[in-house]
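Everything below concerns the one structure shown next.
The values are calculated or read from the model by the stated rules, or taken from the named source; none is laboratory data. Please read all numbers here as calculations on a predicted model, not as lab measurements. Cβ: placed from backbone, ideal geometry, glycine included. Neighbour counts: every protein chain shown. Note: accessible area is taken over every heavy atom of the protein model, side chains too, but ligands, DNA and RNA are not part of it. Shrake-Rupley method; radii C 1.70, N 1.55, O 1.52, S 1.80 Å.
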Amino acid sequence: MEVRGWITTLFPCYRIYRGAGKMEQANGRTFSIATFGCKLNQYESECLRHNLERRNWLYRRFEEGADFYIINSCTVTGKSDSRCRNAARKARRISPNATVIITGCYAEVQPDELRAMDVVDLVVDNKAKESIPVIMSRMIGEAESADHTESPGIESFHDHARAFIKIQEGCNASCTYCIIPTARGNSRSVPVAQVLDQVKVLADNNYNEIVLTGTHIGHYGNDLPDRTRLADLIERIMHETKGVRLRLSSIELNTITPRLIELITHTDLLASHLHIPLQSGDDDVLSAMRRPYTSRFFAETVVEIASTINGVAIGTDIIVGFPGESDECFDNTYRLLSKLPLTYFHVFRYSRRPGTPAASIRDQVHPELKKRRSKKLISLGKHKRYGFMKSQIGKKEIALVQGPHHRFSRFSTVLTGNYCEVQVKCSTSLSGRLLPVKISHYSRGRLYGSIEGTDGPGNCRTRESHI
């Protein structure tokens, strides 16, 4: 049952559900946010934090206890769902009288499942997510109208040396295993001016690396009146903001254009790192997944990118155990991955998502077989990753200083443009800067090096304490 009363009066077009929790009158102004899933979710959580702090709410870490818990959920796999449910239970254990709100893709797709949990007070769909600060303010008795102007972006990114920003959300594809188009809707691009404003604010606050993220960023601009493309957007950002390195989040193979490759090749201000989902190296499985390419086309494109962009890091996603994946199908995937110049893999076991075409396929793969295949690919991925890391010894790269490796470490971690973490000794005052780093050696799964100077590309500004 949807919530009645003031919530539906304020938000008549949104799906906001009362959970099985008590949802008593709240008094405190502290909140915590747990975020699961993609970089897009992380950005949206930062927007919630920013807008709540503008209203003088106090942010607390999850374990510290809070009056309100916001769980920004993911539903890519069954494991993602489980982690979100466990977070809700943990929040209730830490703060028994807290109000627990679940939003995000899990809340969008399976609201009834979450609403039945006795630890959940409110379930808010993705479209209403940005209105959570208004809802929370009303819940503590503050009079506030639904048309309160929310800040469209963020000024900082909590606990991160680099920032993520949303340039697009939604997906028009119809992959048979994926529930995200249902959760996020059709592709919508953030207008160029709004993206530029957000980048400039973060650049002014000394964020020197910004990740452009979305559900399907390669389709950026398809819905805009002037049909601005992703490469156009990148060039505008680089022209109007100096000294900020951009990095792309996951991008689909068929949206990588020659112009985009040219931009990566000719500037240090666009990271030489591409994450291109493959999902399977077998053509029959790719067809059943409705992926818009063949294994041969994927291989040819990856080889061409690797030969064109010196030192580029290319990562990929793989799903093992898709319905109908035989031993031969899996072997085709393993052989393809073995021979391609890939840097790392993200390996996922297929998870049946209710409402997707693949969920109804009868030829499901046994969980133990998925586990064995997953372990085999993870092992191959580690071999690829360590091999790429060792190939970087002796090279100089522009790297972002992210801060101490851990609280008591003598080393700080820096992130190169081609997605290698390197351990260096440097002052914490350099955190947030882009600096030249010479990679000296590899030991026990880590790269080590030294800072060569203090002049990175463009204006290498020192950031204070956002690590």
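Quick check, is L269 surrounded by 18 or more Cβ atoms within 10 Å (Cβ to Cβ), in contact with a Lys or Arg (Cβ under 7 Å, 6 or more places away or on another chain) and either farther than 19 Å from F345 by Cα or modelled with pLDDT of 95 or more (or both)?
So L269 passes the test.
What number goes with the only condition from (1) open to solvent by less than 50 Å² (accessible area, probe 1.4 Å); (2) in contact with a strand residue (DSSP E or B) (Cβ under 6 Å, 6 or more places away or on another chain); (3) not in a loop (DSSP other than H, G, I, E, B) that L342 does not pass?
Status for L342: all satisfied but (3).
Name every residue in the stretch 88-109 that is closer than 22 Å to I180 by Cβ, open to solvent by 10 Å² or more (accessible area, probe 1.4 Å) and out of contact with any Ser or Thr (no Cβ under 7 Å at 6 or more places or on another chain), in order of residue number.
The answer is E108, and nothing else.
Given the conditions (1) part of a helix (DSSP H, G or I); (2) surrounded by fewer than 16 Cβ atoms within 10 Å (Cβ to Cβ), which single one is not true for L380?
That leaves (2) as the condition not met.
Looking at the stretch 306-317, can you tell me whether even one residue there is surrounded by 20 or more Cβ atoms within 10 Å (Cβ to Cβ), in contact with a strand residue (DSSP E or B) (Cβ under 9 Å, 6 or more places away or on another chain) and farther than 30 Å from H441 by Cβ?
Within the stretch 306-317, none of the residues are surrounded by 20 or more Cβ atoms within 10 Å (Cβ to Cβ), in contact with a strand residue (DSSP E or B) (Cβ under 9 Å, 6 or more places away or on another chain) and farther than 30 Å from H441 by Cβ.
Count, please, the residues in the stretch 283-293 that happen to be open to solvent by 10 Å² or more (accessible area, probe 1.4 Å) and touching a Leu at 6+ places or on another chain (Cβ under 9 Å).
3
Being within 28 Å of S32 (Cβ to Cβ), assigned to a loop (DSSP other than H, G, I, E, B) and among the β-branched types (V, I, T) narrows it down to one of I210, I154, so name that one.
I154
Output the number of residues of the stretch 383-423 satisfying the condition of being of a type in the set (D, E, K, R), part of a strand (DSSP E or B) and touching a residue at least 40 places away in the same chain (Cβ under 8 Å). Spell out how you get there, then give the answer.
Here is the first cut: in the stretch 383-423, the residues of a type in the set (D, E, K, R) are 384-385, 390, 395-397, 407, 410, 421.
Of the ones still in play, those that are also part of a strand (DSSP E or B) are 396-397, 421.
Add one more test, that the residue is touching a residue at least 40 places away in the same chain (Cβ under 8 Å), and what stays is 396-397.
Residues meeting the conditions: 2.
Return the pairs, sorted by first residue and then second, in which the second residue is open to solvent by 30 Å² or more (accessible area, probe 1.4 Å) and in a loop (DSSP other than H, G, I, E, B), the first residue lies in the stretch 287-304 and is under 25 Å from P357 (Cα atoms) and charged (D, E, K, R), the beta carbons are less than 6 Å apart, and the residues are 6+ apart or on different chains.
Close Cβ pairs satisfying both conditions: R290/S174.
Among (1) open to solvent by 10 Å² or more (accessible area, probe 1.4 Å); (2) over 22 Å from F157 (Cα atoms); (3) not in a loop (DSSP other than H, G, I, E, B), which single condition is C426 missing?
(3) is the only condition that C426 fails.
Which condition breaks for T333 when tested against (1) in a loop (DSSP other than H, G, I, E, B); (2) open to solvent by less than 50 Å² (accessible area, probe 1.4 Å); (3) within 26 Å of P181 (Cβ to Cβ)?
Every listed condition holds for T333 apart from (1).
Of the residues Y293, Y220, only one is farther than 24 Å from E325 by Cα and of a type in the set (F, W, Y); which?
Checking each option against the conditions leaves just Y220.
Search the stretch 162-206 for residues being hydroxyl-bearing (S, T, Y) and not in a loop (DSSP other than H, G, I, E, B), and hand back the single one that is most open to solvent (accessible area, probe 1.4 Å).
Going through the qualifying residues, I end up with T182.
If a residue must be in contact (Cβ under 8 Å) with a residue 24 or more places away in the chain and loosely packed, with under 14 Cβ neighbours inside 10 Å, how many such residues does the stretch 238-253 contain?
Residues that pass the stated criteria total 2.
Considering R138, R60, R54, R83, which residue is within 17 Å of C38 (Cβ to Cβ) and open to solvent by 60 Å² or more (accessible area, probe 1.4 Å)?
The conditions single out R83.
Please go through (1) part of a loop (DSSP other than H, G, I, E, B); (2) touching a His at 6+ places or on another chain (Cβ under 9 Å); (3) modelled with pLDDT of 50 or more for L447 and return the number of the only condition it doesn't satisfy.
The single condition L447 does not satisfy is (1).
Might you check whether a residue that is under 21 Å from L269 (Cα atoms) and surrounded by 20 or more Cβ atoms within 10 Å (Cβ to Cβ) occurs anywhere in the stretch 366-374? So that I can check it myself, show each step before the final result.
Of the stretch 366-374, the ones under 21 Å from L269 (Cα atoms) are none.
No - not one qualifying residue is present in the stretch 366-374.
Here is a check on your reading of the model: is L270 of a type in the set (A, V, I, L, M) and within 25 Å of A299 (Cβ to Cβ)?
Yes, satisfied.
When the stretch 112-134 is examined, which residues are found to be out of contact with any Gly (no Cβ under 8 Å at 6 or more places or on another chain) and open to solvent by less than 10 Å² (accessible area, probe 1.4 Å)?
V124, D125, A128, I132, P133, V134
Among the residues of the stretch 256-282, write down those that are touching a residue at least 24 places away in the same chain (Cβ under 8 Å) and assigned to a helix (DSSP H, G or I).
Within the stretch 256-282, R259, L260, I261, L263, I264, T265 qualify.
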